[in-house]
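Asker: The structure under discussion is supplied below as structure tokens; questions concerning it will follow.
The values are calculated or read from the model by the stated rules, or taken from the named source; none is laboratory data. For clarity, every value in this text was computed on a predicted model and none was experimentally measured. So basically every Cβ, Gly included, is an ideal-geometry build from the backbone, and we count neighbours across all protein chains shown.
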Amino acid sequence: MRIGVFGCGYVGLVSGVCFAHMNHQVICADVSAEKIATLKTGGLPIWEQGLQELLEDVIDRGKISFTTDMAHTIQNSDILLIAVGTPSLPDGTANLSYVWSVVEAIAEYTDHHKLIVVKSTVPVGTSDAIKTYLDEYGLKDKIIDVVHNPEFLRQGNAVHDFLHPDRIVIGYEQDESRRIMNELYEEFPSPIQFCNRKSAELIKYAANGFLAMKISYINMLARLSDQLGADIEQVARGIGGDRRIGPSFLKAGIGYGGSCFPKDTKALISLARSVESELPLIEATVDINETQPRYLFHKLEEQMQHFEGKQIALLGLTYKALTDDIREAPSLEISKRLMEKGAHVKAYDPLIRDYPIPEVSLQPDVISCVTDSDAAIILTDWEEFKRLDIPDLVARMNNPLIVDGRNLFSPDQMRKWAEEIDLAYVSVGRPIIQSGLNSLTCSP
Ligand code: UDX
């Protein structure tokens with residue numbers, strides 16, 4: 001099938017490259033000439049595991065091309081897939097200006113029959129509004145349907161998630177579009193759920209809201225565990241073992257970040273308010289998440305007393321491992337707070353070479369980052385941090401304090417080390433481990 005993809009961000013690029021990999025003929029379009037130039041030479045404007053190899057293969061096989069030319073993309077495709085960003089506006093609502101500028105171009109350049117597939121996360125009712133707009137533009141006979149087909153991929157696992165989705169959701173109106181979408185996803189090993197457009201749009205927000213809620217739930221209990229002297233990892237294991245609850249998304253830590261959960265939870269709240277409804281569970285989810293970095297900071301503060309002139313090492317800057325994305329990353333708030341209190345901040349992240357806070361001194365590796373520091377704070381769950389040689393690390397520090405915002409280390413192992421070397425280990429929802437002292441609980 002001939003597919004035109006609008007937007008070369010995480011969703012658009014991964015979709016375009018994966019559909020090309022499934023032998024469809026794909027044109028990827030973006031307004032950024034710089035991005036398109038990079039892609040044309042086989043480079044990637046983002047880092048995504050496994051995408052480079054697939055991209056090179058589909059370019060070699062002539063299955064994909066890249067352009068800034070909207071008219072060319074529209075006129076040479078039968079399926080038009082909208083995958084542009086819908087960032088938050090200051091009031092939390094989704095900014096749909098990129099979506100509408102693609103729709104306006106489609107209205108202007110459509111010459112033969114097209115199926116429009118909206119993959120961007122959009123407020124409920126947007127796909128209906130796009131269909132009405134195109135009908136009123138005089139394209140009722142040429143636009144087969146506007147379908148909403150949400151994407152559930154995780155950055156870092158996006159290629160795998162795209163090719164092996166748990167389910168494919170398709171919101172549609174016309175039988176003809178159902179037939180085309182069945183053909184588009186023919187080779188995929190996943191069940192397809194057909195529903196109306198509004199339900200498909202809500203499914204995306206509801207899924208992200210639920211996952212975010214699981215994370216805030218476990219972080220809420222982590223704070224309680226700190227008060228009570230329980231271990232949140234054991235609690236998560238105990239509740240996740242119940243198949244009705246399941247073990248995933250119950251990892252306590254510094255809170256969720258990224259381009260989806262923070263944006264989509266706020267958009268869901270705004271959406272509900274627009275119809276005079278309330279979503280107290282999602283509001284609490286957002287509130288817990290926004291206070292979680294502060295909670296960890298408070299734990300650090302209790303250990304440090306003051307930050308004036310102190311050297312603090314941040315390990316990890318991205319919002320999670322396996323991505324180079326720092327959107328809504330907890331590292332942003334933590335580094336700002338540290339600097340406000342007079343600390344010097346050094347940081348190491350395996351994928352970050354450029355950070356928006358220039359005062360944060362980027363280091364080439366863990367060792368140079370922690371050397372002479374007064375505390376090391378783990379903010380991202382990178383595999384290489386899980387394998388850190390803690391005794392070697394603290395031997396290089398000025399003060400042997402490790403604050404683990406991702407609970408990467410086992411308390412038993414830390415306790416053993418604390419008997420052998422001078423060490424203080426603070427994590428989330430677990431007792432503090434400190435040389436010369438029994439496990440302590442920490443008040444929030
Ligand atoms: C998420 C959804 O998983 C995906 O379906 C949707 O399409 C886009 O948003 P992504 O943002 O790539 O994907 O990352 P994900 O792996 O879901 O993690 C989101 C955030 O939650 C990260 O900051 C991560 O560190 C945090 N997280 C995740 C936890 O703190 N605890 C957990 O148990 C799981």
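Asker: Can you confirm whether SER101 is at pLDDT 95 or above, within 16 Å of the ligand (Cβ to nearest atom) and hydroxyl-bearing (Ser, Thr, Tyr)? Break it down into steps so the answer makes sense when it comes.
Answerer: Values: at pLDDT 95 or above: yes; within 16 Å of the ligand (Cβ to nearest atom): no; hydroxyl-bearing (Ser, Thr, Tyr): yes.
The answer is no for SER101.
Asker: Now, a different point. What are the residues in segment 253-286 that are more than 13 Å from the ligand (Cβ to nearest atom) and of a type in the set (Ser, Thr, Tyr), if any?
Answerer: Hits for segment 253-286 are SER270, SER274, SER277.
Asker: Quick test for you: out of THR41, THR110, THR86, THR93, pick the one residue that is surrounded by 15 or more Cβ atoms within 10 Å (Cβ to Cβ) and under 19 Å from VAL14 (Cα atoms).
Answerer: Of the residues listed, the single one that is surrounded by 15 or more Cβ atoms within 10 Å (Cβ to Cβ) and under 19 Å from VAL14 (Cα atoms) is THR86.
Asker: Given ILE46, ILE36, ILE27, ILE59, which one is among the aliphatic types (A, V, I, L, M) and assigned to a strand (DSSP E or B)?
Answerer: Criteria check complete, one pass: ILE27.
Asker: Output the residues belonging to segment 1-28 that are free of Cβ contacts under 8 Å to residues at least 60 places away in the same chain and in contact with an Asp or Glu (Cβ under 7 Å, 6 or more places away or on another chain).
Answerer: Once the filter is applied, which keeps residues that are free of Cβ contacts under 8 Å to residues at least 60 places away in the same chain and in contact with an Asp or Glu (Cβ under 7 Å, 6 or more places away or on another chain), segment 1-28 yields only CYS8.
Asker: Let me ask something additional. Looking at this structure, is PRO262 part of a helix (DSSP H, G or I) and touching a strand residue (DSSP E or B) at 6+ places or on another chain (Cβ under 9 Å)?
Answerer: yes
Asker: Give the residues of segment 354-406 that are touching a strand residue (DSSP E or B) at 6+ places or on another chain (Cβ under 6 Å) and polar (S, T, N, Q), sorted by residue number.
Answerer: SER361, GLN363, SER373 - these are the residues of segment 354-406 that are touching a strand residue (DSSP E or B) at 6+ places or on another chain (Cβ under 6 Å) and polar (S, T, N, Q).
Asker: May I pose another question? Given segment 80-186, what helices (runs of 4 or more DSSP H) lie entirely inside it while holding 1 or more residues that are among the aromatic types (Phe, Trp, Tyr) and free of Cβ contacts under 8 Å to residues at least 60 places away in the same chain?
Answerer: Values: elements: 97-109, 126-134, 158-163, 175-184.
In segment 80-186, the matching helices (runs of 4 or more DSSP H) lie at 97-109, 126-134.
Asker: For segment 311-327, give me the residue count where each residue is surrounded by fewer than 24 Cβ atoms within 10 Å (Cβ to Cβ), closer than 14 Å to ARG353 by Cβ and more than 9 Å from the ligand (Cβ to nearest atom). Lay out the reasoning, then the answer.
Answerer: Keep residues of segment 311-327 that are surrounded by fewer than 24 Cβ atoms within 10 Å (Cβ to Cβ), which gives 311, 320-322, 324-327.
Now restrict to residues that are closer than 14 Å to ARG353 by Cβ: 324-326.
Now drop any that are not more than 9 Å from the ligand (Cβ to nearest atom), which leaves 324, 326.
Looking only at that region, the number is 2.
Asker: On to the next question. Find all pairs meeting these conditions: Cβ atoms under 8 angstrom apart; at least six residues apart or on different chains; first residue within segment 277-296 and polar (S, T, N, Q); second residue outside any helix (DSSP H, G or I).
Answerer: Close Cβ pairs satisfying both conditions: ASN289/GLY255; ASN289/TYR256; GLN292/GLY253; GLN292/ILE254; GLN292/GLY255.
Asker: Taking the options ASP128, ASP166, ASP145, name whichever one is of a type in the set (Asp, Glu), surrounded by 17 or more Cβ atoms within 10 Å (Cβ to Cβ) and in contact with a Phe, Trp or Tyr (Cβ under 9 Å, 6 or more places away or on another chain).
Answerer: Within the list ASP128, ASP166, ASP145, the selection yields ASP145.
Asker: Out of all the residues in segment 328-362, which are within 16 Å of the ligand (Cβ to nearest atom) and aliphatic (A, V, I, L, M)?
Answerer: ALA329, LEU332, ILE334, LEU351, ILE352, listed by residue number.
Asker: How many residues are out of contact with any strand residue (DSSP E or B) (no Cβ under 8 Å at 6 or more places or on another chain) and of a type in the set (A, V, I, L, M, F, W, C) when one looks only at segment 1-40?
Answerer: Residues in segment 1-40 being out of contact with any strand residue (DSSP E or B) (no Cβ under 8 Å at 6 or more places or on another chain) and of a type in the set (A, V, I, L, M, F, W, C): 7 in total.
Asker: Additional query: Please verify whether segment 131-138 includes one or more residues that are surrounded by 23 or more Cβ atoms within 10 Å (Cβ to Cβ) and either among the hydrophobic types (A, V, I, L, M, F, W, C) or touching a Leu at 6+ places or on another chain (Cβ under 7 Å) (or both).
Answerer: no
Asker: Same structure, new question: Within segment 201-244, work out how many residues are among the small types (Gly, Ala, Ser) and more than 14 Å from the ligand (Cβ to nearest atom).
Answerer: Summing the residues that are among the small types (Gly, Ala, Ser) and more than 14 Å from the ligand (Cβ to nearest atom) in segment 201-244 gives 5.
Asker: Tally up the residues in segment 273-300 that are crowded, with 16+ Cβ neighbours inside 10 Å and more than 23 Å from the chain's Cα centre (by Cα), please.
Answerer: So the count comes out to 2.
Asker: Does SER368 qualify as being within 16 Å of the ligand (Cβ to nearest atom), assigned to a helix (DSSP H, G or I) and not hydrophobic (A, V, I, L, M, F, W, C)?
Answerer: no
Asker: When you go through LEU202, LEU271 one by one, which is the residue that is over 30 Å from ILE432 (Cβ atoms) and either acidic (Asp, Glu) or at pLDDT below 95 (or both)?
Answerer: LEU271
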